[in-house]
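Remarks on the structure that follows.
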Amino acid sequence: MHPKQALIQKGVRIPNPESVDIGDDINPDRIAGREVTIYAGCKLFGAKTFVSPGAQIGLEGPVTIQDAYIGPNVSLKGGFFQEAVFLEGSSCGLGAHVRRGTILEEYSSIAHTVGLKQTILFPYVTLGSLINFCDCLMAGGTGRRNHSEVGSSYIHFNFTPSQDKATPSLIGDVPRGVMLNQSPVFLGGQGGLVGPCRLAYGTVVAAGSICRKDQLRENVLVVESAPRSARIPFKAGAGYRNLKRVLNHNLVYIGQLYALNQWYRQVRGCFAGSGFAPQLLDGLIITLKKGIDERIKQLGRLGEKIAGSGKNTAGSKESTFFKNWDKTAARFQSFFEFEGRSEDRDVFLSIIEGQRNEADRDYLSVIRSLSGDQADCGSRWLQGIADHVVRGLMPE
């Protein structure tokens, strides 16, 4: 039986079956039959594609899905979705272009015509329309009425004149962001963020501002004026004057992803079951692993460009870091199984387990019920992982 017919028999609602293309590699057992609707013009491919109950696909326009993981009550209204994860209640408007390495956690959303790749949005984070927001992680906020937001017509600049993408930006962080108890970040519309960059919780970047510098002090309004006119001699590949900062930002970002890896495995893993499908947990872990690999790959490419640029970095810490790249890359891989300081981890996991069993509560309910001290314990554990990675990689 063709997968399309199997889906129809399972109860998937396909109002116009002739206009929906279901690939031969789709596994019908990975598509829920209950309350899933696939509208006209949609295409589903990939053996890894997973669709949970309540998903609505293609309400506003055609959707193409390839090896994506779709959680309960997710709405993908129109666009292209490849090797990405969408957790419960997340939504994407018409014209979305969401590519590999992207994770939208619970109730995060993007409006129409938004491009994402290697992007992680924590719960409730909201992006407006006409946005390009690749290669960054954004946290902040406590709920639907108090969430981090990116205004319409915003861009994260993730490609340099020297043609590298070692430019990931960290907006908030993982250790505190996962606790859903931090001030939201607001990036005003018609603006941009030049990666790699770091912004603290509570940062507000005024509309129309291009933010080029870190903002590490919390609860600050950033207003950037347009740069003055200038004509300066420039040669692509010779502009690595801030290499120390670029390397530091990349290592910090990667350290945060390793912390998130343990959070997914050990905390979200506690909730895997009927309410949170194990396939979604697998999707998170697989996608995050690919995201870490991507950041390592882009750092390696940067090292190649530096070596080929003729820039004299002999004797510098950065040169030492990139000189034996194969060994350096292997050191990155060694951190995947590092679980952090056992004292903090065990105490925090016991808190999570107790809260979960108390009333069989879901992930968001448990996290939002944590006291300040309990959340701090978890944050210490995760920050310890991130710091361990940076210390183990940062050239001395």
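Using the Cα coordinates of the stretch 177-241, the gyration tensor eigenvalues translate into equivalent-ellipsoid semi-axes of 28, 15, 9 Å, sorted from longest to shortest. Loop-located trypsin sites (Lys or Arg not before Pro) in the stretch 219-262 (DSSP state other than H, G, I, E, B) with a sparse environment of at most 15 neighbouring Cβ atoms within 10 Å: 228, 231, 235, 241. A full extension of the chain between residue 245 and residue 229 corresponds to an added length of 3.2 nm, given 0.36 nm per residue minus the alpha carbon distance. A convex hull fitted to the Cα coordinates of the stretch 279-396 yields 135 cubic angstrom per residue. Non-local amide H neighbours of residue 182 (under 5 Å, H modeled in plane, Pro and chain starts lacking H): which ones? Here the answer is 141, since their amide H atoms fall under 5 Å of that of residue 182. If R0 is 25 Å, the Cβ-Cβ spacing of residue 341 and residue 368 corresponds to a FRET efficiency of close to 0.55. Over the stretch 253-327, the Kirkwood radius and the radius of gyration, each from Cα atoms, give a ratio Rg/Rh of 1.21. For the residue pairs 4/290; 117/305; 165/327; 244/317; 213/289; 4/43, alpha carbon separations beyond 18 Å are given by 4/290; 117/305; 165/327; 213/289.
Dipole orientation for the stretch 93-228: of the candidates 161, 225, 151, 161 has the Cα lying most toward the positive pole (charges on Cβ; Lys, Arg +1; Asp, Glu -1).
Spin-label pair residue 326-residue 285: with each label point 7 Å from Cα along the Cα-Cβ axis, the two points sit 3.0 nm from one another. Note on residue 24 and residue 307: the model spin-label points, each 7 Å out from Cα along the C-beta direction, lie 4.3 nm apart.
When the alpha-carbon atoms of the stretch 208-250 are used, the pair Rg, Dmax equals 14.0, 38 angstrom. Stretching the chain fully between residue 163 and residue 214 yields a gain of 16.2 nm (0.36 nm per residue, less the alpha carbon separation).
For the chain, the mean residue ellipticity at 222 nm estimated from helices alone is -10500 deg cm²/dmol, where every DSSP H run of n ≥ 4 contributes -39500 (n - 2.57) and the total is divided by all residues, rounded to the nearest 500.
So if I place +1 on the C-beta of Lys and Arg and -1 on the C-beta of Asp and Glu, and nothing else carries charge, what would the dipole magnitude of the chain be about its Cα centre? I want it in debye, nearest 20.
It comes to approximately 1500 debye.
Think of the stretch 135-200 as having a plus end and a minus end, set by charges on the Cβ of Lys, Arg, Asp and Glu; of 179, 195, 137, 179 sits farthest toward the positive end of this dipole.
In this structure the amide hydrogen of residue 120, modeled in the peptide plane, comes within under 5 Å of the amide hydrogens of 103, 136, 137, 138, none closer than 5 places in sequence on its chain. Rounded to 0.05, the FRET efficiency of the residue 394 and residue 59 pair, given R0 = 51 Å and the Cβ-Cβ distance, is 0.60. For the chain, the C-alpha radius of gyration divided by 2.2 N^0.38 Å, with N the number of residues, is 1.01.
I'd like the chymotrypsin sites (Phe, Trp or Tyr not before Pro) in the stretch 152-207 restricted to DSSP loop residues with at most 16 other Cβ atoms within 10 Å, sorted by number. In loop regions of the stretch 152-207 (DSSP not H, G, I, E or B), the sparsely surrounded chymotrypsin sites (Phe, Trp or Tyr not before Pro) are 159. Largest mean-square fluctuation among 193, 59, 104, in a Gaussian network model of the chain whose springs join Cα atoms under 10 Å apart, belongs to 59. When nucleic acids and ligands are ignored and a 1.4 Å probe is applied, residue 179 ends up with an accessible area of around 10 Å².
Cα axis of helix 278-309 to longest principal axis of the chain: angle in degrees, 0 to 90, nearest 10? With rounding to tens, the tilt is 30 degrees. Largest first, the extents of the alpha carbon coordinates of the stretch 179-333 on the three principal axes equal 61, 43, 22 Å.
Per residue, the average separation of C-alpha pairs within less than 8 Å and at least 6 apart gives the chain a relative contact order of 10 percent. P(r) tail for the stretch 1-138: Cα pairs beyond 18 Å make up 47% of the total.
The values are calculated or read from the model by the stated rules, or taken from the named source; none is laboratory data. Predicted model, so just to flag it, every value in this text is computed and none were measured. Reconstructed Cβ throughout: ideal geometry from the backbone, glycine too, with neighbour counts over all protein chains shown. Side chains are part of the model used for accessible areas, which takes the heavy atoms of the whole protein and leaves out ligands, DNA and RNA. Shrake-Rupley method; radii C 1.70, N 1.55, O 1.52, S 1.80 Å.
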